[in-house]
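Here's the structure, in structure tokens; my notes come after.
The values are calculated or read from the model by the stated rules, or taken from the named source; none is laboratory data. Source: prediction; values computed, not measured. Cβ placement follows ideal geometry from the backbone for every residue including glycine, while neighbour counts extend to all protein chains displayed. Quick note on the areas: whole protein, heavy atoms, side chains included, nothing else; ligands and nucleic acids left out. Shrake-Rupley method; radii C 1.70, N 1.55, O 1.52, S 1.80 Å.
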Amino acid sequence: MVLELTALHWIYVLFIFLIIGFMVKKRDTSLVSIIGIFLLAIVATGSLSGSVSSVFNSFIYAITELLPTILVISIIVAMSRTLTVTGINDAMISPFARLIKTPALAYWTIGIVMMIISWFFWPSPAVALMGAVLLPVAVRVGLPALGVAVAMNLFGHGIALSGDFIIQAAPKLTADAADIPVSSVVQASIPLVIVMGVVTTVTAFYFLKRDMKNGKLKSSSSLEVELTKTSDPSLLTAGTKKLFALLIPVLFAADVAAMSILNLQGGDATALVGGTSIFILLLISLAAHKNKGLEKTTGYLIEGFQFGFKVFGAVIPIAAFFYLGDSGFTKIIGEFLPETSQGIVNDLGIALASVVPLSAEVGAVTLTAVGAITGLDGSGFSGISLAGSVAAIFSTAIGAGAATLTALGQIAAIWVGGGTLVPWALIPAAAICGVDPFELARRNLLPVTIGLIVTTIVAMFLI
């Protein structure tokens, strides 16, 4: 049965294309997003005052959803500022600087380490750990902060999260929806994850090297400027700097051990890293500034929060619009979707799957499209159950390929929505590296698109 799409669905689709178009043209999307929110609200409710209120309420909803990320990024940035000012940063990176001497080594080392950590603890805490330790090294050897963010995105939020081989939260959701064993999805996803990962990371690295060579990509981020500033040598003795340079990695290593022992994942793991960063900030501030440590601590925190909200300010309107595609619509505007609706984004995915012909090739293309569409809400996980359900329908009609189609839909959804293309989903890496999240999304767009096309073609032969 073909799902009936309402005017709300088509308005949402229209503004998706408008927002993408403005992003491609490097224009600001806040006004377009706000108009989209207002139109959705007034078409749904017919109330002018209610629609105006919905714009404000959508901002509140978006800030509430993003607040944990804003907080941990602000704290990490505040801690990083203390490391730079006191010179501890230089002492910390000296061992890594001996090993990482070129931009290429920085890109692949950061990417691979990010992927390994993300397999066990998911990408958010991994981004914080990588930003604190290896980002300064990469910047010093000539890899722009944007390149660091790309590496962390593609290897962590892309490869590690889309496969999710260790924690297996993603394959569990898709496998249950497709009514097949989790092990089947994991096994089927291995070749697809490898193809997707190799194509995207190699393509992205090629574009980075090309743009660095021709001068289009330069070291210009606010964090890169901050990292190249000289420290105040009088704040700490050389011995104290070395002590902190040793203590900080030990504390973060203890976090990793605690995550493993206590089985902390996702938000819990991120909170542990954030709390550790607060105590590191306090210790350094008191040791370096002595009697002025109390005031300096507050000053560092204010700098961190200013940075965090400055980065997120441009993202909140567009995030508010896209949250309307999922459960946010009911919470912000109300119960105005059809009774059978599963949310605007999922409805669009179901409608697409119900009108295409059934074959192995079309099935692969459809699962990639459905996964990508459901990823537009910026979660990556909210729509993968739909991908599993659609895969079950196609595999039944085709007579094969249930696990491969399920894995393909999972990979497409998470690569798009889990943190490589949707601007507010990739904010952790962008903010830690001090780069524009929209610029990072544009940088990832072509490699991820090429990767999805190649992976979809490979899946056709595996069905």
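The figures follow:
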read-out	value
Candidates Leu348, Leu367, Leu358, filtered to the one that is farther than 30 Å from Ser80 by Cα, in contact with a His (Cβ under 8 Å, 6 or more places away or on another chain) and touching a residue at least 12 places away in the same chain (Cβ under 8 Å)	Leu348
Residue within segment 297-313 that is touching a Ser or Thr at 6+ places or on another chain (Cβ under 6 Å), farther than 23 Å from Ser74 by Cβ and buried (at least 17 other Cβ atoms within 10 Å of the Cβ) present	no
Residue match in segment 67-82 (condition: closer than 19 Å to Ala145 by Cα, open to solvent by 50 Å² or more (accessible area, probe 1.4 Å), assigned to a helix (DSSP H, G or I) and not hydrophobic (A, V, I, L, M, F, W, C))	yes
Matching helices (runs of 4 or more DSSP H) fully within segment 141-238 where at least 2 residues are among the aromatic types (Phe, Trp, Tyr) and at pLDDT 90 or above	182-213
Pairs, first on the phi > 0 side of the Ramachandran plot in segment 261-286, second at pLDDT below 85 and part of a helix (DSSP H, G or I), C-beta under 9 Å, six or more apart	Gly266/Phe121; Gly266/Ser124; Gly266/Pro125; Gly266/Ala169
Lone qualifier among Phe59, Phe96 - being in contact (Cβ under 8 Å) with a residue 60 or more places away in the chain and open to solvent by 40 Å² or more (accessible area, probe 1.4 Å)	Phe59
Helices (runs of 4 or more DSSP H) completely within segment 339-431 that count 3 or more residues being surrounded by fewer than 24 Cβ atoms within 10 Å (Cβ to Cβ) and modelled with pLDDT of 85 or more	360-374
So Phe322, is it in contact with a Leu (Cβ under 9 Å, 6 or more places away or on another chain) and either open to solvent by less than 30 Å² (accessible area, probe 1.4 Å) or in a helix (DSSP H, G or I) (or both)	yes
Lone qualifier among Val435, Val448 - being aliphatic (A, V, I, L, M), closer than 22 Å to Phe307 by Cβ and crowded, with 24+ Cβ neighbours inside 10 Å	Val435
Residue check, Ile11 in contact with a Pro (Cβ under 6 Å, 6 or more places away or on another chain) and crowded, with 16+ Cβ neighbours inside 10 Å	no
Single match in Val13, Val85, Val43, Val52 (criterion: more than 21 Å from Leu426 (Cβ to Cβ), aliphatic (A, V, I, L, M) and without any contact (Cβ under 8 Å) to a residue 24 or more places away in the chain)	Val52
Residue among Ile42, Ile35 that is open to solvent by 60 Å² or more (accessible area, probe 1.4 Å), among the β-branched types (Val, Ile, Thr), more than 30 Å from Leu294 (Cβ to Cβ) and more than 25 Å from the chain's Cα centre (by Cα)	Ile35
Out of Lys290, Lys296, sole residue that is on the phi > 0 side of the Ramachandran plot and at pLDDT 80 or above	Lys290
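Residues are listed down the side, and each one gets a yes or a no for (1) open to solvent by less than 30 Å² (accessible area, probe 1.4 Å); (2) over 28 Å from Leu247 (Cβ atoms):
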| site | (1), (2) |
| --- | --- |
| Ala151 | yes, no |
| Lys172 | no, yes |
| Val186 | yes, yes |
| Lys209 | no, yes |
